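Working notes, beginning with the structure itself.
The values are calculated or read from the model by the stated rules, or taken from the named source; none is laboratory data. Here the structure is a predicted model, which means the values were calculated and not measured. When we count neighbours, we look across all protein chains shown, and the Cβ atoms used for this are built from the backbone with ideal geometry, even at glycine.
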Amino acid sequence: MSHSVRIYLGLAILIALSLLFLFSVVHTAAGAPRSGPRAVAEGHRLAQEWCQTCHAVEPGMAGFFDQAPSFQAVADRSGTTALSLKVFWRTSHQNMPNLVISPEQADVLSAYILSLRGR
C-alpha cells in the first residue's frame, strides 16, 4: 500500500469517526429526556424491566432480596445525588449484574430514583 493511500485511508477513517461523534452528540441532545416527568416515567419503566427482580422499585414495595436496597432507600440516602448515581452506573458492583447502560438510560433511571426522595 502506498504512502498516499495510507494517508487518504487514515483521513477517511478520521472523518468517519468525527461524523459518528457529531451524530452521537446531536442524538444525545435531541434524544431521551434527561429530567422532568418524561424522564421519570422512562426511568420507572427501565427500573421495572431491569431492576425489579432484586430491588423494590415502587415506594412501599417489598424487595425479593434483603441484600438489595429499595429504590426508596437509595433515594432517601443523604449522599444520593444525580452525580453519585451517575458514578454508580459506571462502576461495577460485586453483588449486581454488570449492566451496560447508555448515558441516557443512566439519566432517566437517576431521574426516577431521585423522584422518590421523601415520599
Taking region 64-119 and the residues there that are β-branched (Val, Ile, Thr) and touching a Lys or Arg at 6+ places or on another chain (Cβ under 8 Å), the one that is nearest to HIS44 (Cα to Cα) would be VAL108
Do you know which residues across region 44-102 are of a type in the set (D, E, K, R), more than 11 Å from ILE113 (Cβ to Cβ) and outside any loop (DSSP other than H, G, I, E, B)?
ARG45, GLU49, LYS86
So which of VAL87, VAL108, VAL25, VAL100 ends up being exposed (fewer than 12 other Cβ atoms within 10 Å of the Cβ) and at pLDDT 90 or above?
VAL87
